[in-house]
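Below: one structure, written as structure tokens.
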Amino acid sequence: MSTAVQSPPATGGRRHTLDDWRPEDAAFWRQGGARVARRNLVLSVFSEHIGFSVWSLWSVLVLFLGPSYHIDPAGKFTLTALPTALGAVLRIPYTFAVARFGGRNWTMFSAALLLVPTVLAGIVLTPGVSYGTLLLVASVAGVGGGNFASSMANINAFYPQRLKGRALGINAGGGNLGVPAVQLLGLLVLATAGAAHPRLLPLVYLPLIVLAVLGAALRMDNLAAQRNDRGAVREVAREPHTWVVSALYVGTFGSFIGFGFAFGQVLQVQFHAQFDTAVKAAYLTFLGPLLGSLLRPLGGLLADRLGGARVTCWTFAAMAAGAALVLEASRQHSLPLFLTGFVALFVLSGIGNGSTYTMIPAIFRARAAAAVAAGADPEHADRASRRRATAVIGLAGAIGAFGGVLVNVAFRQAFLNAHSGDDAYLAFLAYYACCLLLTWAVYLRPSPGRLPGV
């Protein structure tokens, strides 16, 4: 009989470190493991939520940058692309920082680091500030994007295989809610203080960041079983499934974060007559990210029950239809159709985020089962499966976030060249169609090499 886990054990003088963690042991899980994992999940969600808000800060702040800042629409799209890019780059080292420093320790540090972009934004946002300064400060906000990867890698280690889809979906969905949250706060500032006071928005987050640091310090745990394994990155880089899942995540998460950063600007540029003020655009920008974030756990839950590849494939089919609707609405200059199509894309990208990420542990679980069937040691195969899944979570998360950069670049070029987003919408449609075919060909098409249970 497993020993009950009443509180995180402190052995060898190490506080907040769990030396015995066996989530696959049903008795261990029932007798306290589930409670400890849930506590870490809640605090992880809060910290990641604040990280997403800081990462998305400039998607709102650009709405405050009126004529006195002398920045054209192309310049504003660059301001939102830069934090997306830095956040994508940081996701890889953030993934492995958890194993190197511990989930609790790294959550404390990464949350505290969010103070830098918020304080800087609160200082520099005044008319007359140079565009180069704004670019630098916007880039620093990318540290909020890295939090997602470390949070997901940490929570992945806390939960048993059968619950990973739901746990990762809740963790990611709660974090993703930081996008609509900062947009709602931006709307509140615009509606009350006005567009002349952008510095109020980042300053709101200072006490929330402090709370995230304190929560991690007092109530989160490190897992002693986690080890820094640089070799895992090299292993999964040679794994074709790594690049397939990463390409799919570009389509789902890249769309979600890219649209979240760009949607307010797109409305102002493409439908300027209806959205001639920042407040009018802000009234609608939060809706899509909110629905997409809330439905991400549903994607993980559906994937647990129906299979991640099946849910992902149908999601891309629907996203292609949504992109076609947005393209037609743009050509007809129909705002109702445009909003309907874009909200649908947010919702579907949220579901696809959950289902695609659930595929990662399922892929390596299937590979481990095949190895055991061929004579490999079950315990060694299971450890290898977890290590590689964690590595792919970081790598795919980073590559997927670069999809958000591509979305902003696509909008920038489309509006520069044709004063319309039509070329960008057509590119999105084509990419979703390619992802649909890729998912079917690799994971659903009947073939001898097909991985069961993905």
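Of note:
- Accessible surface of the stretch 356-419 [probe 1.4 Å, protein heavy atoms]: carbon and sulfur percent: 59 percent
- Modelled this way, with points 7 Å down the Cα-to-C-beta line, the labels at T277 and T192 are 1.8 nm from one another.
- Cα centre as origin, Lys/Arg/Asp/Glu Cβ charges: the stretch 238-312 dipole, Debye: 160 debye
- At 1.002 mPa s and 20 °C, Stokes diffusion of the stretch 333-433 via Kirkwood alpha-carbon radius, µm² per second: 130 µm²/s
- Projecting the Cα atoms of P446, V409, A138 onto the charge dipole of the chain, computed from C-beta unit charges around the Cα centre, puts P446 farthest toward the positive end.
- Theoretical FRET efficiency, 1/(1+(r/R0)^6), r = Cβ-Cβ of R15 and I123, R0 51 Å, to 0.05: 0.90
- Under-5 Å amide H pairs with T17, H placed in peptide plane, nonlocal only: T11, N222
- Rounded if a/c under 1.5, otherwise prolate or oblate - the stretch 62-142, Cα gyration tensor axes: prolate
- With the simple spin-label model, which puts each label point 7 Å out from Cα in the Cβ direction, the A225 to Y131 separation comes to 5.3 nm.
- Average Cα contact separation per residue, the chain, under 8 Å, 6 or more apart, as relative contact order %: 23 percent
- Per-peptide packing, taken as the mean over residues of other Cβ atoms within 10 Å, places 123-130, 188-195 in the sequence 188-195, 123-130 from highest down.
- Mean projected area (nm²) of the alpha-carbon convex hull when the chain is viewed from all directions: 21.3 nm²
- Long-range amide H partners of Q226 with built H, under 5 Å: none
- Values of log10 I(q)/I(0), in the order q = 0.19, 0.21, 0.22, 0.32 Å⁻¹, for the stretch 23-72 under a Debye, Cα-only, solvent-free model: -0.73, -0.78, -0.81, -1.05
- Per residue, the Cα convex hull of the stretch 122-211 amounts to 108 Å³.
- As a rough guide to protection, the peptides 368-378, 240-250 ranked by mean Cβ packing within 10 Å, highest first, stand as 240-250, 368-378.
- With all protein chains modelled, accessible area of E235 [1.4 Å, Å²]: 60 Å²
- Here each label is just a point 7 Å from Cα along the line to Cβ, and for H333 and L163 those points are 5.5 nm apart.
- Taken over the Cα atoms of the stretch 201-242, the convex hull encloses 148 Å³ per residue.
- Centroid-to-centroid separation of the stretch 384-454 and the stretch 258-305 [C-alpha atoms, Å]: 19 Å
- Working note: Karplus 6.51/-1.76/1.60 with θ = phi - 60° gives the stretch 358-375 the couplings 5, 5, 5, x, 5, 4, 6, 5, 5, 5, 5, 4, 5, 5, 5, 4, 8, x Hz, where Gly and Pro are set to x.
- Sorted on the mean count of surrounding Cβ atoms within 10 Å across their residues, most packed first, peptides 175-181, 322-328, 205-211 read 175-181, 322-328, 205-211.
- Taking the Cα centre of the stretch 1-153 as origin and assigning +1 to Lys and Arg Cβ atoms and -1 to Asp and Glu Cβ atoms, the resulting dipole is close to 360 debye.
- C-alpha long axis of helix 103-113 to longest principal axis of the chain, angle in °: 20 degrees
- Annotation: extensible slack from V204 through A374 equals 55.6 nm (criterion: 0.36 nm per residue apart, minus Cα-Cα distance).
- Translational diffusion coefficient (Stokes-Einstein; Kirkwood radius from C-alpha pairs) of the stretch 182-293 at 10 °C, 1.306 mPa s, in µm²/s: 88 µm²/s
- In the chain, the longest principal axis of the Cα atoms and the axis of helix 200-219 are about 10 degrees apart.
- Mean-position separation - Cα centroids, the stretch 91-133 and the stretch 181-209, in angstrom: 18 Å
- Charged neighbours of S246, selected by a Cβ distance under 13 Å, balance to 0 (K, R count +1; D, E count -1).
The values are calculated or read from the model by the stated rules, or taken from the named source; none is laboratory data. This one's a predicted model, so the numbers in the text were calculated from it and none came from an experiment. Positions of Cβ are backbone-derived with ideal geometry, glycine not excepted, and every protein chain shown enters the neighbour counts. Keep in mind that these areas ignore ligands, DNA and RNA; they rest on the heavy atoms of the full protein, side chains included. Shrake-Rupley method; radii C 1.70, N 1.55, O 1.52, S 1.80 Å.
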